[in-house]
Amino acid sequence: MSLADEHVKPAVRWSIGHALPRAVLRLAARRGDLQGRITVEASTGADLTGLFDEIRARGPIAATKVGHTTARHAIVREVLTNDALVTTRPRYGAGILGKLAAWSATDVTHPVQPPSLLVVEPPQHTRYRKLVTRVFTARAVEQLRERTQSIADELLASLDPTDPVDLIEAYCGLLPVTVISEILGVPPEERATVLALGGAAAPSLDLGLSWRVFRNVETTLSTFDAWLTRHLDALRANPGDNLLSRLITAREDGAGLTERELKATAGLVLAAGFETTVNLLGNGISLLTKNPAQLEVLRARPELWGNAVDEVLRVDPPVLLTGRMCSRDTTIAGVPVRRGQLVTTVLAAANRDPEVFENPHVFDVTRANARDHVSFGAGRHYCLGAQLARMEGEIGLRSIFDRFPDLRPLAGAPRRPTRVLRGFERLPTRLGG
């Protein structure tokens with residue numbers, strides 16, 4: 001590796017992709033800009049309820065330093081389904097920034113760089129999605145229910161109820177990583193590696209990373225890329241009954257995925273298959289222990305566990321926000337949005353919209369329209385794994401409270417410092433009485 005590749009190019013990538021946006025957003029936050037404030041305040045783990053209400057009070061769609069933001073449920077859905085608004089990272093044009101960005105670019109697979117499903121649009125997006133959709137259908141997920149229950153039971157049986165435990169490490173992370181690893185043919189001995197790599201790469205979705213976090217993310221993504229190459233080679237040599245083995249040989253209109261497309265798709269499905277569910281389980285355990293009356297409702301009416309998962313997703317979603325770039329001049333809620341402007345949809349805020357949800361800040365497992373949340377997005381980028389997440393959430397939460405009815409949280413449960421993904425870094429818990 002040359003000196004430029006090892007030191008200079010990473011510094012340029014960080015400066016353009018993170019240091020510059022970070023400085024702009026922090027300055028904007030100090031001046032009261034809504035986009036700047038939500039970006040800065042989200043990384044602190046603070047309660048953002050007041051900010052959600054403030055954004056909503058500015059109207060259907062509020063102007064910010066870098067574009068627009070919205071906390072209205074109907075507008076979030078409109079933005080996410082509008083084909084004039086696309087998923088992409090900021091573009092730097094043909095000037096010096098654009099040239100530097102192109103010169104310093106890396107070939108390592110990144111979740112928010114093409115050909116990732118997160119940032120490509122039709123027709124590429126349609127082709128990639130069609131190849132992986134069938135494994136996440138309601139019927140396919142239902143066939144995984146019994147195995148998911150067995151995994152949850154095995155994990156819970158291994159916990160000592162007399163010892164305090166960090167449930168993020170011992171349960172919330174292990175359940176979804178085991179399920180998605182079996183779906184993708186990851187050997188048992190490599191699952192701890194995948195879990196560690198996924199956790200370390202979680203900040204890759206964020207803008208404005210510090211140099212230290214940025215370097216750690218890049219190193220982790222490089223390690224994950226190398227691991228994924230080895231895993232795909234192993235599956236080519238010994239294919240099995242799993243999604244990745246099928247993706248390797250899949251054809252759509254006679255064309256398969258290139259190596260880069262295959263790695264981008266496989267890596268995203270693998271990481272997304274557990275990173276968000278870790279947060280769903282941790283957030284759910286926290287909400288239910290803070291609302292014991294709701295837990296008693298579920299014990300009396302266990303048929304409500306599925307609805308309870310949607311209420312967890314509504315009140316404390318694993319993903320705080322998502323953004324879209326305007327590809328052509330358009331109008332949203334009567335407000336002109338110009339080509340190149342960013343529109344940030346605050347999913348967690350839309351889930352608290354009083355026009356849709358009565359007493360929106362109240363956690364209520366009997367809520368009739370809990371499923372109307374937008375935590376899985378909307379439109380063509382609606383979460384592929386929504387059915388799987390709901391099933392894992394239902395089994396994971398019900399099982400732990402059934403086995404440990406006296407479970408109670410302990411002090412020292414910090415939020416993750418990530419801005420896009422919202423969950424707990426640790427969840428120290430006493431399982432027994």
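The values are calculated or read from the model by the stated rules, or taken from the named source; none is laboratory data. Owing to the predicted nature of the structure, the values given are computational and were not obtained by experimental measurement. Here the Cβ positions follow ideal geometry from the backbone for every residue, glycine too, while neighbour counts run over all protein chains shown. The protein model used for the area step is the full one, side chains on, heavy atoms only, and it has no ligands, DNA or RNA in it. Shrake-Rupley method; radii C 1.70, N 1.55, O 1.52, S 1.80 Å.
For this structure, a couple of remarks:
- Using a probe of 1.4 Å, the accessible surface attributed to residue 223 totals some 70 Å² when neighbouring protein chains are kept in position.
- Counted residue by residue at 0.36 nm each, then reduced by the alpha carbon distance between them, the extension gain from residue 237 to residue 339 reaches 32.0 nm.
- Taken along its three principal axes, the alpha carbon spread of region 57-168 comes to 60, 43, 36 Å, from the longest extent down to the shortest.
- Solvent-accessible area per residue in the chain equals 44 Å², computed with a 1.4 angstrom probe and all protein chains kept.
- Kirkwood hydrodynamic radius of region 201-253, from inverse mean 1/r over distinct Cα pairs, in Å: 13.2
- For region 364-433 versus region 188-242, the gap between their alpha-carbon centres in whole angstrom: 23
- For the chain, alpha-carbon Rg relative to the globular expectation (2.2 N^0.38 Å, N residues): 0.97
- The packing ranking, built from the mean of other Cβ atoms within 10 Å per residue, places the peptides 81-87, 200-206 in the order 200-206, 81-87, highest first.
- Relative packing of 272-279, 159-166, which averages over residues the other C-beta atoms within 10 Å, highest first: 272-279, 159-166
- Remark: spin-label model distance residue 158-residue 372 equals 4.2 nm, labels positioned 7 Å along the Cα→Cβ axis.
- In region 227-278, trypsin sites (Lys or Arg not before Pro) in a DSSP loop with at most 15 other beta-carbon atoms within 10 Å: 251
- Approximating the spin labels as points 7 Å out from Cα along Cα→Cβ, the residue 328-to-residue 27 distance works out to 3.4 nm.
- A DSSP coil position with no more than 13 other Cβ atoms inside 10 Å describes the following GluC sites (Glu not before Pro) in region 350-433: 355, 358.
- Gained length - residue 408 relative to residue 124, 0.36 nm times residue gap less alpha-carbon distance: 97.5 nm
- Each of residue 138 and residue 223 was given a label point 7 Å from its Cα along the Cα-to-Cβ line. The distance between the two points is 4.1 nm.
- Cα gyration tensor shape for region 146-246, rounded if a/c is under 1.5, else prolate or oblate: oblate
- Taking the 1.4 Å solvent-accessible surface of the chain as the whole, the part contributed by carbon and sulfur is 54%.
- Extension reserve of the residue 291-residue 212 stretch, reckoned as 0.36 nm per residue once the Cα distance is removed: 24.7 nm
- Considering only 25, 131, 42, and ranking their Cα positions along the charge dipole of the chain that arises from unit charges at the beta-carbon of Lys, Arg, Asp and Glu, the one farthest toward the positive end is 25.
- Across q = 0.20 Å⁻¹, region 88-224 modelled as identical point scatterers on its alpha-carbon atoms has Debye log10 I(q)/I(0) values of -1.34, in the order of the q list.
- For residue 64, nonlocal amide neighbours, meaning residues 5 or more places apart or on other chains whose placed amide H falls under 5 Å from its own, are 69.
- Exceeding the 32 Å Cα-Cα cut-off - candidates 65/290; 130/290; 99/263; 9/263: 65/290; 130/290
- For the chain, size of Cβ-based charge dipole, Lys and Arg +1, Asp and Glu -1, in debye: 1540
- At R0 = 35 Å, FRET efficiency that the Cβ-Cβ distance of residue 145 and residue 108 yields, to 0.05: 0.45
- With contributions of -39500 (n - 2.57) from each DSSP H run of at least four residues, the per-residue ellipticity at 222 nm computed over the chain stands at -15000 deg cm²/dmol.
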